[in-house]
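*Asks:* To start, I am sharing the structure in question, which I have written as structure tokens.
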Amino acid sequence: QVPLVESGGGLVQAGGSLRLSCAATGRTFSPVAAGWFRQAPGKEREFVAALTWGGGTEYYADSVKGRFAVSRVIANNVWSLQMNSLKAEDTAVYYCATTRRFLITTVSAYDFWGQGTQVTVSS
């Protein structure tokens, strides 16, 4: 198990910004990738963004390209999601997760998950 602890989230007006962070608290941490997913009420969990832990290659869902940015601090085992120009349709519970497989955008490929944090964008 790799405990993941999320922080950030909250309520923001449309057009605003929020930053989410996730910290891996285990002693050893070397995933292939660290990512962010979200789940809105009545919908399936979907991929948002991720980056490979070693090389830092970034991946984004089309719906967030140009608005969201993922980053990491390897020394602290922390990665973040900066969300700008938020829209009402970004409202969801956001989860951080890690995978040991090269299926970077596949929900089922991720092994460990954070507890989730609510992001609500008012229009």
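The values are calculated or read from the model by the stated rules, or taken from the named source; none is laboratory data. As the structure is a prediction and not an experimental result, all values here were calculated from the model. We place every Cβ from the backbone using ideal geometry, glycine too, and count neighbours over all the protein chains shown. Quick note on the areas: whole protein, heavy atoms, side chains included, nothing else; ligands and nucleic acids left out. Shrake-Rupley method; radii C 1.70, N 1.55, O 1.52, S 1.80 Å.
*Asks:* Given the conditions (1) of a type outside the set (Gly, Ala, Ser); (2) more than 18 Å from Val5 (Cα to Cα); (3) open to solvent by 70 Å² or more (accessible area, probe 1.4 Å); (4) part of a loop (DSSP other than H, G, I, E, B), which single one is not true for Glu89?
*Replies:* Single failed check for Glu89: (4).
*Asks:* Among the residues of the range 42-66, write down those that are assigned to a loop (DSSP other than H, G, I, E, B) and of a type in the set (Ser, Thr, Tyr).
*Replies:* Within the range 42-66, Thr57, Ser63 meet the criteria.
*Asks:* Would you call Val107 more than 14 Å from Leu20 (Cα to Cα) and open to solvent by 40 Å² or more (accessible area, probe 1.4 Å)?
*Replies:* Against the criterion (more than 14 Å from Leu20 (Cα to Cα) and open to solvent by 40 Å² or more (accessible area, probe 1.4 Å)), Val107 qualifies.
*Asks:* If a residue has to be among the basic types (Lys, Arg) and not in a loop (DSSP other than H, G, I, E, B) to count, how many in the range 19-29 make the cut?
*Replies:* 1
*Asks:* Here is a follow-up. Among the residues of the range 30-41, are any surrounded by 18 or more Cβ atoms within 10 Å (Cβ to Cβ), in a strand (DSSP E or B) and free of Cβ contacts under 8 Å to residues at least 60 places away in the same chain?
*Replies:* Among the residues of the range 30-41, not one is surrounded by 18 or more Cβ atoms within 10 Å (Cβ to Cβ), in a strand (DSSP E or B) and free of Cβ contacts under 8 Å to residues at least 60 places away in the same chain, which makes the answer no.
*Asks:* Which one of these does Ser63 not meet: (1) under 15 Å from the mean Cα position of the chain (by Cα); (2) farther than 23 Å from Ser123 by Cβ; (3) surrounded by fewer than 17 Cβ atoms within 10 Å (Cβ to Cβ); (4) free of Cβ contacts under 8 Å to residues at least 60 places away in the same chain?
*Replies:* Single failed check for Ser63: (2).
*Asks:* Go through (1) open to solvent by less than 60 Å² (accessible area, probe 1.4 Å); (2) free of Cβ contacts under 8 Å to residues at least 40 places away in the same chain; (3) within 14 Å of the chain's Cα centre (by Cα) and name the single condition Trp79 misses.
*Replies:* Of the numbered conditions (1) open to solvent by less than 60 Å² (accessible area, probe 1.4 Å); (2) free of Cβ contacts under 8 Å to residues at least 40 places away in the same chain; (3) within 14 Å of the chain's Cα centre (by Cα), the odd one out for Trp79 is (2).
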